[in-house]
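Where a number appears in this text, it was derived from the coordinates with a stated rule and is not lab data. Just so you know, these numbers come straight off a predicted model, no measurement behind them. Note that we place each Cβ from the backbone using ideal geometry, even for glycine, and neighbour counts take in every protein chain shown.
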Amino acid sequence: MPWNPDRYHQFSAQRAQPFEDLLALIHLREGMRVVDLGAGTGELTARLAGALPGSDVLGIDTSPEMLARAHELERPGLRFQEGDLGALGGTWDLVFSHAAIQWVLDHPRLVPHLFEIVAPGGQIAVQLPSNHDHISHRLIRTTAGEEPFRTALDGWTRPSPVLSIEEYAELLYTVGAEDITVFEKVYPHVMADADAVADWTSGTALVPYMERLPEELRAPFMERYRAQLRTAMPESPVFYGFRRTIFSARKP
């Protein structure tokens, strides 16, 4: 089941808020080589490029469906290509990532690798969801553990690779980073009801489950998940506090 750009963009305004917080941490200068890991449909990568005059910005994503939209935004100084976020090479003045590295496992290996490809004097700036313990995510795993879904998934649930803010800070210190900033922020989203929260997760956290389920079980899975979410979040509107981790550091 491929990524659905329309479903993802259903809450584009809410997803853009942490991008602005991350952008505020960047030491702006002209003429940088920049890579955006997890460019998606490219709108925020284009905004990043607009804030970095004279820079060469490359957006990387693994989804052909997302990149089909992103290529429409290409211009001099802004381009996109398909690639593995965890295997990027080269040397970059800014390694930037907004809501993407949570899809890559083994962050104790990944973060040092990403810092390794930062040029001397350059910067890494990353934002990633850290909402994996929220009831909306816990109920995904609960539903996956029920039949017939458990058998269809062969007992699989997706582990979260997200570390604590202290662990990210220590990783950056260990690799010699300077000007280390690491914090977690709760973004207060007000949703119409529990079904709106299910719509949110269906564009992100639920995607790998839908990929693994046979087509005839996808709708029943969503029905069961929505029912449990309505029980857990019966209010209307619903307060959906979404945790995100943001970190930035500079290479000497």
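One chain, two ends: GLU116 and ALA219. Fully extended at 0.36 nm per residue, the span grows by 32.8 nm beyond their Cα-Cα distance. The charge dipole of the chain, taken about its Cα centre with unit charges on the Cβ atoms of Lys, Arg (+1), Asp and Glu (-1) only, comes to about 180 debye. Restricting attention to the stretch 47-155, close to 10% of DSSP beta bridges with both partner residues there are antiparallel. Of all DSSP bridge pairs formed entirely within the chain, close to 50 percent run antiparallel.
For the stretch 63-132, which chymotrypsin sites (Phe, Trp or Tyr not before Pro) are in a loop by DSSP, counting at most 15 other Cβ atoms within 10 Å?
Nothing satisfies the criteria.
To the nearest 10 degrees, how steep is helix 107-116 against the longest Cα principal axis of the chain, on a 0 to 90 scale? Roughly 20 degrees, rounded to the nearest 10. With all projection directions averaged, the alpha carbon convex hull of the chain covers 13.0 nm². Remark: PHE221, PHE19 ranked as PHE19, PHE221, counting other beta-carbon atoms within 10 Å and listing the fewest first. Note on the stretch 199-251: Kirkwood radius taken over Cα pairs, Stokes-Einstein applied at 37 °C and 0.692 mPa s, translational D equal to 240 µm² s⁻¹. With a simple spin-label model that places each label point 7 Å from the Cα along the Cα-to-Cβ direction, the separation between ILE180 and THR151 comes to 5.0 nm. Summarising the label geometry, the points placed 7 Å from Cα in the beta-carbon direction at ALA51 and MET210 lie 2.9 nm from one another. For the stretch 41-112, the square roots a ≥ b ≥ c of the C-alpha gyration tensor eigenvalues yield an a/c of 1.5 or more together with a/b not exceeding b/c, which makes the shape oblate. The sum of -39500 (n - 2.57) across all DSSP H runs of n ≥ 4, divided by the residue count of the chain, sets its helix-only mean residue ellipticity at 222 nm to -11000 deg cm²/dmol. Put in order of Cβ neighbour count within 10 Å, fewest first, the listed residues LEU213, LEU23 become LEU23, LEU213.
In this rough spin-label picture, where each label sits 7 Å from Cα along the Cβ direction, the TRP103-GLU74 distance is 1.9 nm.
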